[in-house]
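S.K.: The structure follows.
The values are calculated or read from the model by the stated rules, or taken from the named source; none is laboratory data. All of these numbers come straight from a predicted model, not from anything done at the bench. Reconstructed Cβ throughout: ideal geometry from the backbone, glycine too, with neighbour counts over all protein chains shown. Note: areas computed on protein heavy atoms with side chains; ligands, DNA, RNA excluded. Shrake-Rupley method; radii C 1.70, N 1.55, O 1.52, S 1.80 Å.
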Amino acid sequence: MTRQIQLALATFRPRRAIPGQTVLDPSVTRTRVRLGDLDIYRHVNNAVYLNMMDTGRSNLLADCGGMPLLNERGWYPVVAASTVKYRKSLTLGQRVEITSRVLGWDPRIAYLEQVITTGGQLAARGIVAGRFLAKTGDRVPAPDVVALLGGPETSPELPEDVAAWARAMDVAHRA
């Protein structure tokens, strides 16, 4: 439950924008492993990694000043697809960093990488296909969101593993 509160705070009372931060700059979220994050095997439950990543994505938007801009338009992010590779178990009290960054976008989807580390060691890597919706129910094209956030007109080329994943998950734009 505390992770949900953390996400709500990151979304509705976002941290201050970082001067000069752009939508393509990495965003770092720091936290600790809490008792409620653990499963019966005394390590972080796989779903908690996803909760941490949710907060990391909200902080990425906050860092580039995007939360008020999105709220003014009634736009909000949703996950279309995600995959996580777990490399190291996290345990009670460990300090954790979630580094979130936009890799690129197509007409529909923004693609992000989220890396969770502890003590400089990789714990998990997630790839997320994110969309934006309007409170009216309309879909918001990813380039419109990037433009609102002051990003470049053209997407960086996606890494081949992410492009292949997007095609396999059937989330990539089809021309």
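S.K.: If I filter the range 41-51 down to residues being out of contact with any helix residue (DSSP H, G or I) (no Cβ under 7 Å at 6 or more places or on another chain) and not charged (D, E, K, R), which single residue comes out as nearest to Ile116 (Cα to Cα)?
M.R.: Residues of the range 41-51 that are out of contact with any helix residue (DSSP H, G or I) (no Cβ under 7 Å at 6 or more places or on another chain), as a first pass: 41-43, 46-47, 49-50.
Restricting the remaining residues to those that are not charged (D, E, K, R) gives 41, 43, 46-47, 49-50.
Working: Tyr41: 20, His43: 15, Asn46: 12, Ala47: 13, Tyr49: 8, Leu50: 10 Å.
By that ranking, first place goes to Tyr49.
S.K.: Here's another thing I want to ask about it. Looking at Glu160, Glu72, which is the one that is more than 30 Å from Pro19 (Cβ to Cβ) and without any contact (Cβ under 8 Å) to a residue 40 or more places away in the chain? Even if it seems obvious, please write down each step before you answer.
M.R.: Numbers: Glu72 fails: more than 30 Å from Pro19 (Cβ to Cβ).
After applying the criteria, what remains is Glu160.
S.K.: Filter the range 1-38 down to the residues that are charged (D, E, K, R) and either open to solvent by less than 40 Å² (accessible area, probe 1.4 Å) or part of a helix (DSSP H, G or I) (or both), then identify the one that is modelled with the highest pLDDT.
M.R.: First, the residues of the range 1-38 that are charged (D, E, K, R): 3, 13, 15-16, 25, 30, 32, 34, 37.
Applying the additional criterion that residues be either open to solvent by less than 40 Å² (accessible area, probe 1.4 Å) or part of a helix (DSSP H, G or I) (or both) yields 3, 37.
On the way: Arg3: 84, Asp37: 93.
Restricting to residues being charged (D, E, K, R) and either open to solvent by less than 40 Å² (accessible area, probe 1.4 Å) or part of a helix (DSSP H, G or I) (or both), the top hit is Asp37.
S.K.: Given the conditions (1) assigned to a helix (DSSP H, G or I); (2) within 20 Å of Ala129 (Cα to Cα); (3) open to solvent by 60 Å² or more (accessible area, probe 1.4 Å), and given that Leu60 satisfies all but one, which numbered condition is not satisfied?
M.R.: (3) is the only condition that Leu60 fails.
S.K.: Turning to a different aspect of this structure: Out of Val128, Val140, report the one residue that is closer than 14 Å to Ala81 by Cβ and either crowded, with 19+ Cβ neighbours inside 10 Å or without any contact (Cβ under 8 Å) to a residue 12 or more places away in the chain (or both). Reasoning before the result, please.
M.R.: Working: Val140 fails: closer than 14 Å to Ala81 by Cβ.
The conditions single out Val128.
S.K.: Moving on to the next point. For Lys135, all conditions in the list (1) closer than 23 Å to Leu35 by Cα; (2) touching a residue at least 12 places away in the same chain (Cβ under 8 Å); (3) out of contact with any Pro (no Cβ under 9 Å at 6 or more places or on another chain) hold save one; what is the number of the exception?
M.R.: So Lys135 meets the others, but not (1).
Conditions (1) of a type in the set (Gly, Ala, Ser); (2) within 20 Å of Ala147 (Cα to Cα), marked per residue:
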{"position": "Gln6", "(1), (2)": "no, no"}
{"position": "Ala10", "(1), (2)": "yes, no"}
{"position": "Leu24", "(1), (2)": "no, yes"}
{"position": "Thr29", "(1), (2)": "no, no"}
{"position": "Leu35", "(1), (2)": "no, no"}
{"position": "Asp39", "(1), (2)": "no, no"}
{"position": "Leu50", "(1), (2)": "no, no"}
{"position": "Gly56", "(1), (2)": "yes, no"}
{"position": "Asn59", "(1), (2)": "no, yes"}
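S.K.: Is it true that some residue in the range 40-47 is of a type in the set (Gly, Ala, Ser), surrounded by fewer than 22 Cβ atoms within 10 Å (Cβ to Cβ) and in a strand (DSSP E or B)? Talk me through it step by step, then tell me what you get.
M.R.: First, pick out the residues of the range 40-47 that are of a type in the set (Gly, Ala, Ser): 47.
Imposing the further condition that a residue be surrounded by fewer than 22 Cβ atoms within 10 Å (Cβ to Cβ) reduces the set to 47.
So of that shortlist, the ones also in a strand (DSSP E or B) come out as none.
No, the range 40-47 has no match at all.
S.K.: Which of the following residues is more than 16 Å from the chain's Cα centre (by Cα) and either surrounded by 16 or more Cβ atoms within 10 Å (Cβ to Cβ) or touching a residue at least 60 places away in the same chain (Cβ under 8 Å) (or both): Arg95, Arg101, Arg87?
M.R.: Details: Arg101 fails: more than 16 Å from the chain's Cα centre (by Cα); Arg87 fails: either surrounded by 16 or more Cβ atoms within 10 Å (Cβ to Cβ) or touching a residue at least 60 places away in the same chain (Cβ under 8 Å) (or both).
Step by step, each of Arg95, Arg101, Arg87 is checked, and only Arg95 is more than 16 Å from the chain's Cα centre (by Cα) and either surrounded by 16 or more Cβ atoms within 10 Å (Cβ to Cβ) or touching a residue at least 60 places away in the same chain (Cβ under 8 Å) (or both).
So that you can scan it fast, the table gives a plain yes or no per residue for (1) more than 23 Å from Ala47 (Cβ to Cβ); (2) over 17 Å from the mean Cα position of the chain (by Cα); (3) in a strand (DSSP E or B):
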residue	(1), (2), (3)
Tyr111	no, no, yes
Thr117	no, no, yes
Gly130	no, no, yes
Val162	no, no, no
Ala175	yes, yes, no
